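One structure below.
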Protein chains: 2
Amino acid sequence: MLIHSASQLLTLSGGPQRGADLGRLGLIPDGAVLLREGRVAAVGSSVELRAAYPAEPTLDAAGHVVMPGLVDPHTHLVWAGDRAAEFELRLQGKTYMEIMAAGGGIVSTVRATREATVEELIAQARLRAQSMLRHGTTTAEAKTGYGLETQSELRQMEALLRLDEEGPLEIVPTFLGAHAVPAEYAGDPQGYTDMVCAEMLPALREWWNQNAGRRPLPFVDVFCERGAFDLAQSRAILQTAKDLGFPLKIHADEFDNLGGARLAAELGAASADHLVKTSAEDIAALGRSQTAAVALPCTPFGLGDPHYTPAKAILEAGGLLALASDLNPGTAWCESMQFVIALACRYLRLTPAQAIAAATINAAAAIGRAGQVGSLEPGKQADVLILSVSDYRHLGYRFGSNLVETVIKKGEVVT
Amino acid sequence: MLIHSASQLLTLSGGPQRGADLGRLGLIPDGAVLLREGRVAAVGSSVELRAAYPAEPTLDAAGHVVMPGLVDPHTHLVWAGDRAAEFELRLQGKTYMEIMAAGGGIVSTVRATREATVEELIAQARLRAQSMLRHGTTTAEAKTGYGLETQSELRQMEALLRLDEEGPLEIVPTFLGAHAVPAEYAGDPQGYTDMVCAEMLPALREWWNQNAGRRPLPFVDVFCERGAFDLAQSRAILQTAKDLGFPLKIHADEFDNLGGARLAAELGAASADHLVKTSAEDIAALGRSQTAAVALPCTPFGLGDPHYTPAKAILEAGGLLALASDLNPGTAWCESMQFVIALACRYLRLTPAQAIAAATINAAAAIGRAGQVGSLEPGKQADVLILSVSDYRHLGYRFGSNLVETVIKKGEVVT
């Protein structure tokens, strides 16, 4: 299929974009892209490609932006239940302790998720996956982390793999057994850390061999934050995971700077995520590393918190900046990377071009998929969006609606 | 048609909700609503209504919230062109003067709008009206104000009336000839004020008699702000409009407190809108008046400005608080009242129930339509939403997506 006459074809070609390089859209006016067998076969001007492929079935994109599918590199897609009542209690002025006493907080999601069957988990997550796809996300990372015991965590992982097989949203899985300290280990994060290292991660490795051997290993992630896992515990978990062969991610510096970002750089993690309270030294360490810096602006927005990731400082340090939704039931139930782009323009002061690159090719780099998705270049997956607008800058400028008209995943029109 | 088995039927019955009264949803669990000839004929429990109307065609809303259509009481729906390039320039650090020099700002919208035919204005606004409807807005106020000369303003008004006739979005028109001082009167707001009073408003009255005599007169609005019209000029325009029989509105205290809110209360305006910098005295004056206080949280959000309408103070003063989108090409291209609700929860600290009431029955009051729309009560228009969720609190809690599944306008399913 030849999609032609796009008012703007954004290729995002040339690989991940570090520091001041961020924002290269590879824009071709009156552009065209040839899709064959689920892959991009050629990109260029409409004149050029229509002459070269005269017999190809065509799709006229006149007046529309055509661009790669959005990549969401940080989501907690699979959970059971919701926290709508807790949201209301917070607005009524209830304290965190009162909400916990009323059965709220992450423990309520853990309870509901533990009680759910894998089919129930899939059914609830599928609605969110469909919404993500409608909003233009064609590949998403997704984490476990609401089980906090081995079998529940593995059930969440099974749900993720089955959702990925179902498609069309492509899911890159992450194991987040160390998302929080469960009630069984209250006051004993070290005890839980020891269990994660001694039992959970080896069990995951074993389970993977038996159930998903043909796939690359999932990421292992940890929540390095006061009230969750300190730096030494985070290091123990990530080092154990690394020794078992898993690629790494980390939740760092959302509320406090414990040194998680620097640890990520040191261990060669694919990404360090949140990065609100990251120190200048840690930003510099990230800038020198191959670790992507993933900003999650929906989380402060969701909390009504004015503190966002210092994106400009990350770019000045030469960092590889990516954007993600952080989709989760507590702080950010948001399925739209378009809205993430709108937030990034206003609160991270990115231009639309920078935010788009951070939500495509750089987001792909943050989940180790820059070779497959995130740009329209020959040989890459044919994950393509056709927008209802003729100028890419409407992404960011407009907010609260969905500018994606058509979603193509691996060459197939899916919405 | 009998819509039954709604997990929650929100009636919003009992009229507009002042002060601490805000947030009465009139919630009926397992609720039903009977629609006949475009009107609400009955509301009640599903058991009750299914027994009373056994032969009625049914629509099963199990697992869904059913509620009145959202009302957006402040939009600038009709304009030509866009300001996406200006949005990018702002993020690149360009100053307002540089943007003006590059042809940006409201003057660029005025230029494009003056050059557009009424058909072009309608075609561009129709896309926005359709998006508003998909997001659950069934009635919207909409303003002229990008013509700033008599014939262009009347052409915008013609576009509004034709869009309203087209439907299904119902449009309540407002004349905003005094939106800004046009280039022809640069530095002479008083000269333009005199022209508005002496020529424009009488011409509108005459035009209305000839072209829309069967309709109620439109609102007349003015932008009372430093750089636009001062308090005396605003008073002159509104008093002239009042003497001609027009109902009134005002843009007040967005950036500066000039006393516009108190003027609105004094003149009996239907609403005073923006109200970010309103003084305690002016809030008290609004609280004692029949003038609705309309908060527009998309505008500070769109600008990345942390200053929002002091909603709590307005409620404490007994005010009638409503929410609107302020849809416009400069600061807030947002077509979703659901997103307005999400902002109101986070930045105005309203609960979902309060925000929903402010976006339905109180929004209807702000445009003088509380007798027709904004609640599900016998005799009112059958403007009904069916949400994809079972708990109303998902409005506010979730953001960036569209939770409206079905929109019914005057008894007809329209999306």
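Quick note: the coordinates plus some simple rules give every number you see, no bench work behind them. Keep in mind that what you see is a predicted model, and the values were worked out from it rather than measured. Cβ placement follows ideal geometry from the backbone for every residue including glycine, while neighbour counts extend to all protein chains displayed.
Using a cutoff of 8 angstrom between alpha carbon atoms and counting only pairs six or more residues apart, the relative contact order for chain B works out to 22 percent. Distances, shortest first, from the label point of A:R215 to those at the same position in the other copies read 5.6 nm; the point lies 7 Å along Cα to C-beta.
Under the rule a/c < 1.5 gives rounded, and otherwise a/b versus b/c splits prolate from oblate, where does the range A:263-415 land using the Cα gyration tensor? Since a/c reaches 1.5 but b/c is at least a/b, the shape of the range A:263-415 is classed as oblate. Fewest-first ordering of B:M132, A:M100 by other beta carbons within 10 Å of each residue's beta carbon gives A:M100, B:M132. For A:K143, the lysines whose Cα comes closer than 16 Å to its Cα, not counting residues fewer than 8 places off in the same chain, are A:K249.
Remark on B:L321: its backbone amide H falls under 5 Å from those of B:G19, B:A293, a criterion applied only to residues 5 or more positions apart or on other chains, H modelled at 1.01 Å from N. Applying the Karplus relation 6.51 cos²θ - 1.76 cosθ + 1.60 with θ = phi - 60° to the range B:91-104 yields 3J(HN,Hα) values of 6, 7, x, 5, 7, 4, 5, 5, 5, 4, 5, 7, x, x Hz, where x marks Gly and Pro. In this simple spin-label model, placing a label point 7 Å from the Cα along the Cα-to-Cβ direction at both A:Q130 and B:A280 gives a separation of 5.3 nm.
Legend: calculated FRET efficiency, A:E119 to A:R215, from the Cβ-Cβ distance at R0 = 30 Å, rounded to 0.05, equals 0.90. The mean number of Cβ atoms from other chains found within 10 Å of a Cβ in peptide A:122-134 is 1, as a whole number. Along its three principal directions, the equivalent ellipsoid of chain B from the Cα gyration tensor extends over semi-axes of 35, 22, 21 Å, largest first. Shape descriptor for the range A:304-389: Rg over Rh equals 0.98 (Cα atoms; Rh from the Kirkwood inverse mean 1/r).
So, in Å, what gap is there between the alpha-carbon centers of the range B:191-214 and the range B:130-156? When both Cα centres are located, 18 Å separates them. Partner lysines whose Cα lies under 18 Å from the Cα of A:K410, excluding those fewer than 8 positions away in the same chain, are identified as A:K380. Counted by neighbouring Cβ atoms within 10 Å, the residues A:L248, A:L321 run from fewest to most as A:L248, A:L321. Listed values for the range A:384-390 are Karplus-derived 3J(HN,Hα) couplings in whole Hz (6.51 cos²θ - 1.76 cosθ + 1.60, θ = phi - 60°), namely 9, 10, 10, 8, 7, 10, 9, and x replaces Gly and Pro. Take A:R111, push a point 7 Å out from Cα through the beta-carbon direction, and compare it with the same point in every other copy: 6.2 nm, smallest first. Give the calculated FRET efficiency between B:E165 and B:D305 to the nearest 0.05, with a Förster radius of 41 Å applied to their Cβ-Cβ distance. E between B:E165 and B:D305, to the nearest 0.05, is 0.65. The Stokes-Einstein estimate for the range A:1-96, based on a Kirkwood radius over Cα pairs and taken at 20 °C with 1.002 mPa s viscosity, is a diffusion coefficient of 129 µm²/s. Under 23 Å of direct C-alpha separation, and excluding same-chain neighbours fewer than eight residues apart, A:K94 reaches these lysines: B:K312. The ranking of B:I3, B:I28 from fewest to most other beta carbons within 10 Å of each one's beta carbon is B:I28, B:I3. Across identical copies of the chain, B:A186 has label-point separations of 7.0 nm, listed in ascending order, with the point defined 7 angstrom from Cα along Cα→Cβ. Across the range A:358-413, counting alpha-carbon atoms alone, Rg and Dmax equal 12.4, 34 Å. In plain terms, the C-alpha convex hull of the protein assembly as shown casts an average shadow of 34.6 nm² when viewed from every direction.
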